[in-house]
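What follows is a set of notes on a single structure, which appears directly below.
The values are calculated or read from the model by the stated rules, or taken from the named source; none is laboratory data. As the structure is a prediction and not an experimental result, all values here were calculated from the model. Neighbour counts are summed over all protein chains in view; Cβ atoms, including those assigned to glycine, are modelled from backbone coordinates with ideal geometry. Surface areas here come from the heavy atoms of the whole protein model, side chains and all, with no ligands, DNA or RNA. Shrake-Rupley method; radii C 1.70, N 1.55, O 1.52, S 1.80 Å.
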Amino acid sequence: MNIFRLAGDMTHLASVLVLLLKIHTIKSCAGVSLKTQELYAIVFVTRYLDLFTDYISLYNTLMKIIFLGSSISIVWYMKHHKVVRRSYNKDQDTFRHYALMIPCLFLALIANEKFSFKEVMWAFSLYLEAVAILPQLVLLQRTRNIDNLTGQYVFLLGAYRAFYILNWIYRFFTEPHYVHWIIWISGLVQTLLYADFFYYYFQSWKNNVKLELPA
């Protein structure tokens, strides 16, 4: 554990809390992509297959339970809650997200650290997480007028990955033989996908105007 990983974990946790705050308090999921939330639920289910078999630490276990439980609950609220589901932008959230899973699974089968079920699923979760934000970004471009909580949620998700890149750089220079190409490349791709959003987010913050993405 180091300050960069802790900052990444806390930023990731903050992103989830912001989204849950919007759903539970405002009873709205307007501007939130169900497609992205379903992909994140799949990411955490496939990544944490070792939840009840491999114990690392109490902190590690709690974070796994929080991210797994929150991702599933968000999908449930958006699909089944009688009030929240009415605000879902179904007509605009049309990205064919399941099409992302096939190339990610194929890549996991040929590029993994060990050819076993858990390791392939772990690699698959990394590749899928790298592109899971795409439906959300496309939805934001279509709706253009983005509320503060949704904007903060996406920003925090991007910041979480940026902190993890700093964590990897730190560990590379402080830990012998620390090399994880699958994690590094997936994380870099994921961060680059946020670059355009970051630009417009900081522009809106600097000029004190409402966040809007170009169509």
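Restricting attention to region 87-108, which residues are closer than 24 Å to His24 by Cβ and charged (D, E, K, R)?
Hits for region 87-108 are Lys90, Asp93.
Any residue at all in region 111-122 that's open to solvent by less than 20 Å² (accessible area, probe 1.4 Å), closer than 30 Å to Leu211 by Cβ and touching a residue at least 12 places away in the same chain (Cβ under 8 Å)?
No, region 111-122 contains no residue that is open to solvent by less than 20 Å² (accessible area, probe 1.4 Å), closer than 30 Å to Leu211 by Cβ and touching a residue at least 12 places away in the same chain (Cβ under 8 Å).
Counting only residues that are part of a loop (DSSP other than H, G, I, E, B) and either in contact with a Gly (Cβ under 9 Å, 6 or more places away or on another chain) or among the aliphatic types (A, V, I, L, M) (or both), how many does region 55-100 have?
Count: 3.
For region 88-99, check the following and say yes or no: at least one residue is open to solvent by less than 40 Å² (accessible area, probe 1.4 Å), under 18 Å from the mean Cα position of the chain (by Cα) and of a type in the set (Phe, Trp, Tyr).
Within region 88-99 (the criterion being open to solvent by less than 40 Å² (accessible area, probe 1.4 Å), under 18 Å from the mean Cα position of the chain (by Cα) and of a type in the set (Phe, Trp, Tyr)), the answer is no, since none of the residues qualifies.
Of all residues being in a helix (DSSP H, G or I) and of a type in the set (A, V, I, L, M) in region 24-50, which is farthest from Lys90 (Cα to Cα)? Just the residue, please.
Val45
Could you tell me whether any residue of region 187-205 is among the small types (Gly, Ala, Ser), touching a Gly at 6+ places or on another chain (Cβ under 9 Å), free of Cβ contacts under 8 Å to residues at least 60 places away in the same chain and closer than 22 Å to Phe4 by Cα?
For region 187-205, residues among the small types (Gly, Ala, Ser), touching a Gly at 6+ places or on another chain (Cβ under 9 Å), free of Cβ contacts under 8 Å to residues at least 60 places away in the same chain and closer than 22 Å to Phe4 by Cα: present.
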